[in-house]
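Enquirer: Could you have a look at this structure, given as structure tokens, before my questions?
The values are calculated or read from the model by the stated rules, or taken from the named source; none is laboratory data. This structure is a prediction, so every number in the text was calculated from the model and none was measured. Using ideal geometry, Cβ is built from the backbone for each residue, glycine included, and neighbour counts are taken over all protein chains shown. Note: areas computed on protein heavy atoms with side chains; ligands, DNA, RNA excluded. Shrake-Rupley method; radii C 1.70, N 1.55, O 1.52, S 1.80 Å.
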Amino acid sequence: MPIQLEPTPTFAARLQSADRTLYGMWSCAGSPLVAEICAGSGLDIVLVDGEHSPIGLESILAQLQAIAPYLAVPIVRAPIGEPVVLKQLLDLGAQNVVVPMVDSVAHAEAMVRAVRYPPHGVRGVGSALARSSRWSRIPDYLARAHDLVSLTVQIETADGLAAAADIAAVDGVDAVLVGPADLAASLGMLGQQNHPDVVAAVESVIEAGRSAGTPVGVNAFDPATADRYAAAGAAFVLVGADVTLLARASEALAERFLGDASGSSGSVPAAAY
């Protein structure tokens, strides 16, 4: 007789039970080994990035499998808010998904429908063929799928900011993630994530989420800014990424042991080609 399996709690459930801000990091390298290292770090969240990283479905699957034995909750950011893409991510076993660039209530509602089966949504039914149901080893998966998936929508434009309170109130949106980099760009402050106006905008979304009863998280790789957002009521903060940690740490090694001899341009001398 097949083993009967029980899926892990969703990100939404984790947020509901948390008595503190949750902290996490991005997995962007596309490596299951690196994702596993991140998952064992003690952080609460590992967010696999399918939008700005060289990551496809097979890589996402392998990373989810690598993260699975650890306590960190795995989340996957879709490259785009498109029902077919979300269907594929859900079927390969991503219980927790983030949709980028959600600008309106209509878009948020469409994403809710994309992660739900009919009659409440448009998710295609292929669970018997998919890891999501562990190939029908999760009892009553189709009937329970609504409770086994969590949806986070990302606000990162001026339009999304203006609609933040209404987006946070959409039934089926379990959390909101603010992207300060794109938000700063949309507000005319490219590269100025810590500009006072951008920080104030982020805090306004946190407050909008609080009023709607929806947890709000934010990217903040600067520790002081992360502390500020946590103090402002952010339910979760993403405080680093595997690739940026490796880049800065390797640069620090070069500076420590080579100093100016390491070169400042990072380019390979022409004679080496």
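Enquirer: Measure nothing fancy, just the Cα-based angle from helix 105-114's long axis to the longest principal axis of the chain, in degrees from 0 to 90, nearest 10.
Expert: 60 degrees
Enquirer: Show me the ranking of peptides 179-190, 223-234 by mean Cβ neighbours inside 10 Å, starting with the highest.
Expert: Descending mean neighbour count gives 179-190, 223-234.
Enquirer: Could you size up the charge dipole of the range 1-83 around its Cα centre, putting +1 on the beta carbon of Lys and Arg and -1 on that of Asp and Glu, and report it in debye to the nearest 20?
Expert: The dipole magnitude comes to about 140 debye.
Enquirer: Magnitude of the Cβ-charge dipole of the chain, K/R +1 and D/E -1, about the Cα centre, nearest 20 debye?
Expert: The dipole magnitude comes to about 780 debye.
Enquirer: Got a number for the accessible area of Asp222? Probe 1.4 Å, square angstrom, nearest 10.
Expert: 60 Å²
Enquirer: So if I place +1 on the C-beta of Lys and Arg and -1 on the C-beta of Asp and Glu, and nothing else carries charge, what would the dipole magnitude of the range 117-273 be about its Cα centre? I want it in debye, nearest 20.
Expert: 700 debye
Enquirer: Could you please state how large a percent of the accessible area of the chain is carbon and sulfur, counting protein chains only and using a 1.4 Å probe?
Expert: So the carbon and sulfur contribution to the accessible surface is 58 percent.
Enquirer: While we're looking at this one, here's another question. Search the structure for amide H atoms under 5 Å from the amide H of Phe236, placed 1.01 Å from N in the peptide plane, and list their residues when 5 or more places away or on another chain.
Expert: The list, which skips near neighbours in sequence, is Leu22, Val216, Gly217, Val218.
Enquirer: Starting from 0 in steps of 10 Å, tell me what percent of the Cα-Cα pairs of the range 6-126 lands in each bin.
Expert: The percentages, shortest bin first, are 13, 44, 35, 8, 0.
Enquirer: For the range 110-263, just list the percent of Cα-Cα distances falling in each 5 Å bin from zero outward, please.
Expert: 2, 9, 14, 14, 13, 12, 11, 10, 7, 4, 2, 1, 0
Enquirer: May I ask you to compute the full-extension gain from Ala261 to His120, defined as 0.36 nm times their residue separation minus their alpha-carbon distance, rounded to one decimal in nm?
Expert: In short, 44.6 nm is gained.
Enquirer: Using a 1.4 angstrom probe on the protein heavy atoms only, could you order Trp135, Trp26 from most to least accessible area?
Expert: Trp135, Trp26
Enquirer: Give the calculated FRET efficiency between Glu58 and Ile37 to the nearest 0.05, with a Förster radius of 22 Å applied to their Cβ-Cβ distance.
Expert: The value I calculate is 0.65.
Enquirer: If you count only protein heavy atoms with a 1.4 Å probe, what accessible area per residue comes out for the chain, rounded to a whole Å²?
Expert: Here the per-residue accessible area is 49 Å².
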